[in-house]
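One structure is given below, encoded as structure tokens.
The values are calculated or read from the model by the stated rules, or taken from the named source; none is laboratory data. Computed from a predicted structure; not experimentally measured. When we count neighbours, we look across all protein chains shown, and the Cβ atoms used for this are built from the backbone with ideal geometry, even at glycine. For accessibility, only protein heavy atoms count, side chains too; no ligands or nucleic acids. Shrake-Rupley method; radii C 1.70, N 1.55, O 1.52, S 1.80 Å.
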Amino acid sequence: MKLYSYFRSSAAYRARIALNLKGIAYETVSIHLTKDGGKQFAPEFKAINPQMRVPALALERLGEHLAVIDYLDETHPEPPFLPADAVARAKVRAVAEIIACDIHPLNNTSPLKYIKSTLGKDQPAIDAWYHHWILVGFEAVEALLRPGPYAFGARVGLADIFLVPQVANARRFKVPLDRFPKVVAADAACLKLPAFDKARPENQPDAE
Ligand SMILES: N[C@@H](CCC(=O)N[C@@H](CS)C(=O)NCC(=O)O)C(=O)O
């Protein structure tokens, strides 16, 4: 399997964790998101993922990390990313969606570039925007998490896959996390697992 990835991309980080948890070997193809205006906009990559974002799976020409992770879970059922009970499944998905739909898109490369270049905002304003959406989102996530060690108890799953890369971004941009003890504890427990550690940005072949 070939994964189009970028070491700093939190969406690709989630796909890497999912691949590692399923024990699927994969090759990383690096798509640099800022060099030369962003390699994600190259026609060769657009042919693979018309959304021009990472991650994408090469063979299947599959973009969108929620879809990629669902596909991996459906095609490689062990270990399952979701609990058996329908209510529990919905709660886990809710946390994943808060992160993927309400935090991540607002703090992504292209929107931040738009705020800076088109709307003319300076770096402090952009940093305040970035912090704001993580703090608001983590407030909800913290309230939804269950007792640990992982996001929803004893088994690592979808919520953890979404949480850990978002915490990494928060730390990279110095967002204070002291209001979110459950988030911080789940992150620490996950990072002790090889599947998460191997997927970390600094452990990628394209890390800078
Ligand atoms: N909706 C896409 C978003 C993926 C995404 O935004 N990836 C970021 C990196 S974390 C990206 O490729 N950004 C490039 C850009 O904004 O131009 C998904 O869920 O996979």
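Quick look at the values:
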read-out	value
Stretchable slack from ALA207 to ALA154, in nm (0.36 nm times residue separation minus alpha-carbon distance)	15.9 nm
Probe 1.4 Å, protein heavy atoms only - accessible area per residue of the chain in square angstrom	49 Å²
Gaussian network model of the chain, springs between alpha carbon atoms under 10 Å - residue of VAL141, VAL87, VAL183 with greatest fluctuation	VAL87
Summed residue charge, Cβ within 9 Å of ALA199's Cβ, Lys/Arg positive, Asp/Glu negative	+3
Only Lys, Arg (+1) and Asp, Glu (-1) charged, at Cβ; the chain dipole about Cα centre in debye	240 debye
Net charge over other residues, Cβ less than 14 angstrom from the Cβ of SER9 (K, R count +1; D, E count -1)	+4
ALA188 versus ALA125: modelled label distance in nm, points set 7 Å from Cα along the beta carbon direction	3.8 nm
Kyte-Doolittle mean at least -1.0 and Cα axial length at least 20 Å: DSSP H helices in the chain	123-144, 158-172
For the chain, share of DSSP beta bridges that run antiparallel, in % to the nearest 5	55 percent
Selected from SER117, ILE17, ILE31, residue furthest toward positive end of dipole (the chain; charges at beta carbon)	SER117
Cα-based shape type of the chain, given that a ≥ b ≥ c are square roots of the gyration tensor eigenvalues and the cut on a/c is 1.5	oblate
For region 17-73 versus region 157-178, the gap between their alpha-carbon centres in whole angstrom	20 Å
The chain, relative contact order [Cα under 8 Å, separation at least 6], %	25 percent
Carbon and sulfur %, accessible surface of the chain computed with the full protein complex present, 1.4 Å	58 percent
All Cα pairs of region 118-187, percent lying beyond 20 Å	32 percent
